[in-house]
Amino acid sequence: MASRSSSSGLAAFNVVALLVLCGCGWPATTEAHTQFGAYNKTCPQAEEIVFREMTAILAKSPDLAGPLLRLFSVDCFVGGCEGSILLNSTANNTAEKDSPLNKGLRGFDVVDSIKAKLEVACPGVVSCSDVLALAARDSVRLTKGPYIPITTGREDGNRSSAADVASNTPKPGATVTDLIALFARFNLTAKDLAVLSGAHTIGKAHCSAFSPRLYNFSNNASSDPTLDANYKATLRGQCKAGDIATLVDLDPSSGTIFDLGYYRDVAASRGLLSTDAALLLDADTRAYVLRQANATATDDFFADFAASFYNMSKIGAITHHKGEIRRQCSVVNPPSASSSATLTTIAAHALLLAISLFTVFALALAL
Ligand code: HEM
């Protein structure tokens with residue numbers, strides 16, 4: 001009996017040893033997983049490098065916090081948080097970034113420069129989608145918002161099509177019902193919508209994004225009657241009719257500080273975008289806006305924002321070698337780089353398998 005149980009214990013040990021040593025792992029789950037500190041072993045300084053670079057970049061150009069935060073959200077909503085927004089168009093393909101809906105996006109060169117630093121420190125290890133996620137969360141932190149712990153280990157996708165953008169992006173003039181429905185498709189709630197819209201406490205919008213509210217509203221009204229009259233006059237001063245290029249603060253009271261200013265603006269009919277103002281037209285989102293507009297401290301909003309940002313950061317992440325670690329964020333890896341990486345992985349697995357078999361035989365002989 002004793003010998004049978006010890007030999008079955010040994011067999012179980014061997015199977016475990018084999019699985020662990022060969023790197024085959026446990027049976028794969030169907031769900032993709034990212035994890036906290038995914039680079040702790042492979043590039044321990046990764047998150048610190050991103051934070052250091054973002055600190056230097058925003059010290060020089062504080063206005064870049066908004067673009068980086070927005071880039072990440074736009075990436076996540078179209079095909080998941082897999083870096084597809086960073087890819088350039090090619091001769092045969094118009095990429096997401098060249099969709100007319102994305103023409104206002106900024107900050108691509110910041111991502112490229114951070115990625116270049118990471119490639120020097122840990123070549124081929126940190127994905128572009130993680131660089132984007134980390135840069136976005138650091139944008140929040142560096143504008144005096146909350147520190148948001150996020151998981152990493154996303155891989156980069158290789159599909160980016162402008163044709164995917166319209167159906168996954170909030171349209172200009174979308175109603176709050178449209179926005180809630182869009183968020184629901186990504187498992188995000190009406191609360192997530194109200195909370196993540198709070199990102200508009202930093203950053204800017206082009207006049208084109210809201211000028212219909214000033215000059216060309218509807219058949220019955222030349223301008224949006226729900227927009228505060230003084231604010232409307234100020235905006236008309238900043239954006240003359242036909243101006244599509246000028247950038248205007250989304251939160252005029254404190255456009256570079258992550259605070260409650262956005263909710264105070266929206267509650268006072270000074271939400272810049274019609275989709276900001278629309279939050280007042282649903283009972284749940286309205287209640288959230290009014291609660292934060294009247295709050296005396298940022299604690300609740302910050303905790304909510306960290307939670308909703310985390311939910312957003314999980315959308316459609318690619319893991320388990322289903323994607324790649326792009327060397328350059330704007331182009332997919334050349335086929336040779338991917339196949340040599342695959343060969344290296346196969347060779348490493350073969351070596352580990354040989355070591356584990358040797359260990360199993362050595363243990364069996366010793367017993
Ligand atoms: C509710 C859905 C949303 C709509 C309809 C929306 C719409 C817009 C629009 C139209 C702009 C101005 C773009 C331009 O003119 O260049 C903008 C800017 C911005 N959005 Fe959103 N957005 C939404 C959700 C989000 C989310 C979820 C985030 C991040 C968590 C975000 C962060 C930003 C930031 C930071 C800017 C400023 C960008 C800059 O300074 O260049 N937005 N958004």
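Read-outs: derived from the displayed coordinates by stated rules, not from any lab. Please read these numbers as outputs of a predicted model, since none were measured by experiment. When we count neighbours, we look across all protein chains shown, and the Cβ atoms used for this are built from the backbone with ideal geometry, even at glycine.
See the values below:
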| item | result |
| --- | --- |
| Distance violations [Cα-Cα > 25 Å] among Lys144/Lys322; Lys191/Lys322; Lys171/Lys240 | Lys144/Lys322; Lys191/Lys322 |
| Cα convex hull of the range 29-84 - mean projected area over all directions, nm² | 5.2 |
| Ala241-Ser89 FRET efficiency (beta carbon distance; Förster radius 22 Å; 0.05 resolution) | 0.10 |
| Kirkwood Rh (inverse of mean 1/r, distinct Cα pairs), the range 191-349, angstrom | 18.5 |
| Euclidean distance between Cα centres, the range 38-98 to the range 195-235, Å | 28 |
| Packing-based ranking, highest mean first, of 38-45, 216-223 given that Cβ atoms within 10 Å are counted | 38-45, 216-223 |
| Highest to lowest packing among 148-158, 83-93, scored as the average C-beta count within 10 Å | 148-158, 83-93 |
| Sequence-distant aspartates and glutamates (8 or more away, or on other chains) whose Cα lies within less than 14 Å of Lys204 | Asp63, Asp249, Asp251, Asp276 |
| Kirkwood-based shape ratio for the range 173-241, expressed as Rg/Rh from alpha carbons | 1.04 |
